[in-house]
Number of protein chains: 2
Amino acid sequence: MKIKAIGFTQGNISIDDENSLQNVEIDMPMAKDKDILVKVNAVGLNPVDTKIRRNSKEKTESPRILGFDAVGIVENIGENVTKFKKGDRVYYSGALAYSGSNAQYQLMHEGLVSIAPEILSDNCVAGVPLTGITAYECLFEKMHIPFEKNSAKGKTILFINGAGGVGSIGIQLAKWAGLTVIATSSRQETTDWCKKMGADHTVDYKKNIVEQVRELGFENVDYILISHSTEKYFETCAELIAPLGYIVSIEEIYENLPMDLIRRKSVTFAWELMFTKHLFNTEIYSQGEILAKLSNLFENKELVSTVVAEITTGINATNLRAAHKMLESGKTIGKVVVSGEFDGK
Amino acid sequence: MKIKAIGFTQGNISIDDENSLQNVEIDMPMAKDKDILVKVNAVGLNPVDTKIRRNSKEKTESPRILGFDAVGIVENIGENVTKFKKGDRVYYSGALAYSGSNAQYQLMHEGLVSIAPEILSDNCVAGVPLTGITAYECLFEKMHIPFEKNSAKGKTILFINGAGGVGSIGIQLAKWAGLTVIATSSRQETTDWCKKMGADHTVDYKKNIVEQVRELGFENVDYILISHSTEKYFETCAELIAPLGYIVSIEEIYENLPMDLIRRKSVTFAWELMFTKHLFNTEIYSQGEILAKLSNLFENKELVSTVVAEITTGINATNLRAAHKMLESGKTIGKVVVSGEFDGK
């Protein structure tokens with residue numbers, strides 16, 4: 001049996017070219033072992049989708065299916081699955097080793113999956129997993145902030161790139177944890193969005209960030225989450241970070257870092273990559289548990305959806321190219337999701 | 001009133017020169033506010049002593065007094081001291097803002113001080129503070145290992161430079177926390193010393209460390225403590241560190257670090273500098289509390305002294321020059337301490 005999907009066989013071509021993402025047919029996958037089979041209702045887009053596509057220089061025989069966020073219904077389960085049953089409405093981000101969510105049906109390891117929050121529509125749910133897990137791991141694993149409401153009262157966090165996907169959910173989680181939040185933004189609409197997500201203050205990243213933060217009355221910040229241009233902002237972060245503070249970055253670098261700048265303050269610098277756990281087969285089930293905690297926070301109205309752009313007219317190549325193009329502009333706010341029928345358009 | 005001390009007015013001269021460290025007389029200090037006045041019985045030496053001396057290029061008018069480890073008797077207390085009383089036997093490392101321990105009497109902030117472990121002689125106590133606090137902060141603060149016996153059972157730590165001061169007490173603390181310990185060494189005597197401190201395995205840093213660790217059966221290690229040549233060992237550490245692992249370094253760098261090597265594994269890199277808390281006036285009292293915990297572990301015979309060289313014939317310029325010379329050789333094992341009268345010799 002064949003199913004509909006959207007993929008590419010050659011990646012590094014313009015998203016305006018129809019060949020950049022194509023409607024394809026692939027074999028219906030079979031759920032085995034700890035995998036569940038999910039009928040996909042809506043998918044979320046992330047910068048990693050466009051990165052992988054553009055960095056794929058070799059033409060492949062079979063199409064590569066992208067997509068690292070999905071919500072859907074469990075259609076079938078592998079023989080060792082214990083967490084889910086047919087009919088469950090679930091959500092997950094996924095893993096590099098799995099074929100992506102841009103397909104009618106997708107396999108996923110049960111450890112990475114959680115029951116979706118009932119309170120949210122499919123579109124809103126699809127915007128949560130990758131950025132939600134990433135922000136959670138930054139705050140509550142890498143920065144070691146206790147996962148408890150108001151646990152970090154009195155402390156301050158700076159988001160470099162507050163209006164992006166990780167920033168949008170990260171600001172909310174940080175506020176829930178009691179932190180004072182400062183976010184960088186520049187345009188009026190990103191500034192408004194950061195405030196809407198709960199930021200106490202915003203600073204303009206096109207001006208001197210250190211000066212602006214100091215003018216707000218903060219000599220230092222206890223935590224910094226970098227989700228844009230790590231090298232570019234490293235010295236700024238080194239100057240602003242508090243003694244014994246934490247800098248966590250999710251953005252890869254192309255140069256060595258002047259780590260000595262943060263030595264005298266005994267600062268911790270941590271990398272966060274959501275894919276690490278699955279790539280190295282460690283703590284797999286923790287990501288399903290993180291999503292379950294996020295579900296709970298949504299149900300309790302502690303968090304709100306970060307989805308800004310919903311394309312609901314079908315999960316097809318046309319709409320996914322449009323979504324990729326939005327992300328490639330670098331100006332997306334919050335999350336972009338695509339839903340509807342797999343109609344091959 | 002004048003007291004005896006050992007200091008220098010010009011630092012960057014050979015330790016073989018009598019002017020490198022001289023017997024001097026300084027004013028008797030007065031305990032105010034939260035400071036206690038301690039009559040010094042024994043002092044520990046650390047690489048930081050020789051570093052500060054050699055990096056002091058300007059000749060000063062009044063002598064600089066070094067020394068960051070001491071045990072002694074409380075002689076007097078400031079009006080806001082609550083932790084100690086006259087006659088208490090105390091120990092501490094100190095802070096850069098305070099005149100050093102190489103003096104008959106020294107002032108110290110009560111927050112940095114603890115009652116000394118009764119079970120240990122003055123010489124053994126003097127070897128504990130700086131390296132003990134440093135190793136504690138590396139393991140139980142920067143690596144977030146729970147401070148509890150056997151809390152990290154099943155995990156592995158690699159000490160780059162196992163036989164140094166921090167390595168010697170660090171290996172013991174790591175074993176107490178349940179870790180499997182691998183330490184780098186090279187000479188027979190440093191290898192034997194690491195084993196004596198409790199290391200399960202040693203590897204020769206003059207050969208390929210990655211290969212040797214793998215041959216021991218460890219694909220990765222969960223924690224790495226670097227106390228020598230951070231740049232030189234960074235790539236080795238990047239290869240050996242486990243996904244989600246922790247690398248902590250106490251050794252300054254002179255080049256930028258290739259941090260991207262540890263990104264895919266979402267590794268945390270933290271700096272540890274014992275002086276940070278006092279330099280930036282944060283969590284001062286935690287260091288006295290750390291020393292109290294270490295006292296307790298010594299009393300319970302969970303830790304043993306790391307002192308290898310005891311010079312007991314007087315705290316004077318001659319003996320301190322000899323101690324500095326030992327440290328400058330780069331071959332010191334464990335700790336060097338000096339005790340006895342301040343006899344001006």
Unmet criterion (only one of (1) part of a loop (DSSP other than H, G, I, E, B); (2) farther than 20 Å from residue B:314 by Cβ; (3) under 24 Å from the mean Cα position of the chain (by Cα)) for residue B:90: (1)
Residues within segment A:280-292 that are within 7 Å of chain B (Cβ to nearest Cβ) and in contact (Cβ under 8 Å) with a residue 40 or more places away in the chain, tallied: 0
Hits in segment A:73-87 (condition: over 14 Å from residue A:35 (Cβ atoms) and part of a strand (DSSP E or B)): A:73
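With the structure loaded, tell me whether residue B:268 is out of contact with any Leu (no Cβ under 9 Å at 6 or more places or on another chain) and modelled with pLDDT of 95 or more or whether it fails that test. Give the steps one after another, and end with the answer.
Details: out of contact with any Leu (no Cβ under 9 Å at 6 or more places or on another chain): no; modelled with pLDDT of 95 or more: yes.
Here the answer is no, as residue B:268 does not meet what is asked.
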Qualifying strands (runs of 3 or more DSSP E) (wholly inside segment B:179-276; at least 1 residues being within 8 Å of another protein chain (Cβ to nearest Cβ)): B:241-249, B:268-271
Which numbered condition residue B:169 fails, given (1) over 19 Å from the mean Cα position of the chain (by Cα); (2) over 30 Å from residue A:274 (Cα atoms); (3) outside any loop (DSSP other than H, G, I, E, B): (1)
Residue list for segment B:22-41, filter: touching a His at 6+ places or on another chain (Cβ under 7 Å) and over 30 Å from residue B:281 (Cα atoms): none
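Out of B:59, B:83, B:32, B:51, I need the residue that is over 23 Å from residue B:275 (Cα atoms) and of a type in the set (Lys, Arg). Which one?
Working: B:83 fails: over 23 Å from residue B:275 (Cα atoms); B:32 fails: over 23 Å from residue B:275 (Cα atoms); B:51 fails: over 23 Å from residue B:275 (Cα atoms).
B:59 is the lone residue from the list that is over 23 Å from residue B:275 (Cα atoms) and of a type in the set (Lys, Arg).
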Among (1) more than 14 Å from chain B (Cβ to nearest Cβ); (2) closer than 25 Å to residue A:332 by Cβ; (3) in contact with a strand residue (DSSP E or B) (Cβ under 8 Å, 6 or more places away or on another chain), the one test that residue A:142 misses: (1)
Leading residue by the ranking (surrounded by the fewest Cβ atoms within 10 Å (Cβ to Cβ)) among those in segment A:40-89 that are in contact (Cβ under 8 Å) with a residue 24 or more places away in the chain and among the small types (Gly, Ala, Ser): A:62
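Only one of A:284, A:250 is β-branched (Val, Ile, Thr) and either touching a strand residue (DSSP E or B) at 6+ places or on another chain (Cβ under 6 Å) or buried (at least 21 other Cβ atoms within 10 Å of the Cβ) (or both); which?
Working: A:284 fails: either touching a strand residue (DSSP E or B) at 6+ places or on another chain (Cβ under 6 Å) or buried (at least 21 other Cβ atoms within 10 Å of the Cβ) (or both).
That would be A:250, the only listed residue that is β-branched (Val, Ile, Thr) and either touching a strand residue (DSSP E or B) at 6+ places or on another chain (Cβ under 6 Å) or buried (at least 21 other Cβ atoms within 10 Å of the Cβ) (or both).
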Qualifying residues in segment B:296-342 (those that are at pLDDT 95 or above, polar (S, T, N, Q) and within 15 Å of the chain's Cα centre (by Cα)) - the one farthest from residue B:227 (Cα to Cα): B:305
Restricting segment B:304-324 to residues that are within 16 Å of residue B:41 (Cα to Cα) and in contact with a helix residue (DSSP H, G or I) (Cβ under 6 Å, 6 or more places away or on another chain), the residue that is surrounded by the fewest Cβ atoms within 10 Å (Cβ to Cβ): B:310
Among residues of segment A:319-336, those that are closer than 19 Å to residue A:23 by Cα and not aliphatic (A, V, I, L, M), counted: 4
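Name every residue in segment B:99-134 that is assigned to a loop (DSSP other than H, G, I, E, B) and of a type outside the set (D, E, K, R), in order of residue number. Even if it seems obvious, please write down each step before you answer.
Taking segment B:99-134 as the starting set, the residues that turn out to be assigned to a loop (DSSP other than H, G, I, E, B) are B:99-102, B:104, B:116-121, B:127-128.
B:99, B:100, B:101, B:102, B:104, B:116, B:117, B:119, B:120, B:121, B:127, B:128, listed by residue number.
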Filter result (touching a residue at least 24 places away in the same chain (Cβ under 8 Å) and assigned to a loop (DSSP other than H, G, I, E, B)) within segment A:296-330: A:301, A:302, A:303, A:304, A:305, A:306, A:312, A:313, A:314, A:315, A:316
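Matching residues to (1) of a type in the set (Asp, Glu); (2) over 18 Å from the mean Cα position of the chain (by Cα):
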site: B:226; (1), (2): no, no
site: B:231; (1), (2): yes, yes
site: B:243; (1), (2): no, yes
site: B:252; (1), (2): yes, no
site: B:266; (1), (2): no, yes
Condition met for residue B:345 (over 19 Å from the mean Cα position of the chain (by Cα), charged (D, E, K, R), surrounded by fewer than 22 Cβ atoms within 10 Å (Cβ to Cβ) and more than 14 Å from chain A (Cβ to nearest Cβ)): yes
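The values are calculated or read from the model by the stated rules, or taken from the named source; none is laboratory data. Everything quoted here is computed from the prediction, not taken from an experiment. Neighbour counts are summed over all protein chains in view; Cβ atoms, including those assigned to glycine, are modelled from backbone coordinates with ideal geometry.
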